[in-house]
Amino acid sequence: MLCAIFLDGTCQILSHIVRLKSALTSIIEPDFGLLNELLRLEVLTYNQYIKLRSGDKAAFERNDAMLDLLVSEDQCDKLMKALQQTRQQHVVNFVMQNGGQ
């Protein structure tokens, strides 16, 4: 599991993602496999996957909707794995470093 460890020993990737959401919507590439990986890892349901794949929405709008679906540390951990699988390590690094702070 990827994890940002805090002084109290907790793992809080979700809090980083919530705080960094605005920036993440601009740097995540939702196409080219990410949504497929999230479906495979059971982060997205099939209906959520179809909704995010279809329509005329821009990538940042789809990212915004996708990030809104993340409600648990487990889902966030799987997002980090999916980002790695789709060669978006720079996004993982950005989250793990809390936006560079």
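Cβ separations smaller than 8 Å between residues 6+ apart or across chains give the following pairs from the range 54-79 residues that are free of Cβ contacts under 8 Å to residues at least 12 places away in the same chain to residues that are in a helix (DSSP H, G or I) and surrounded by fewer than 18 Cβ atoms within 10 Å (Cβ to Cβ): K57/A65. Which residue is nearest to S72 (Cα to Cα), if the candidates are limited to the range 12-53 and must be free of Cβ contacts under 8 Å to residues at least 24 places away in the same chain and among the hydroxyl-bearing types (S, T, Y)? Looking at the filtered set, the residue picked out is S15. Looking at the range 18-29, is at least one residue surrounded by 14 or more Cβ atoms within 10 Å (Cβ to Cβ) and in contact with an Asp or Glu (Cβ under 7 Å, 6 or more places away or on another chain)? The answer is yes; a qualifying residue exists.
Every number here is computed from the coordinates shown, using simple stated rules; none is lab data. Every value quoted in this text rests on a predicted model; they were computed, and no experiment measured them. Here the Cβ is made from the backbone with ideal geometry for all residues, glycine too, and neighbour counts use every protein chain on show.
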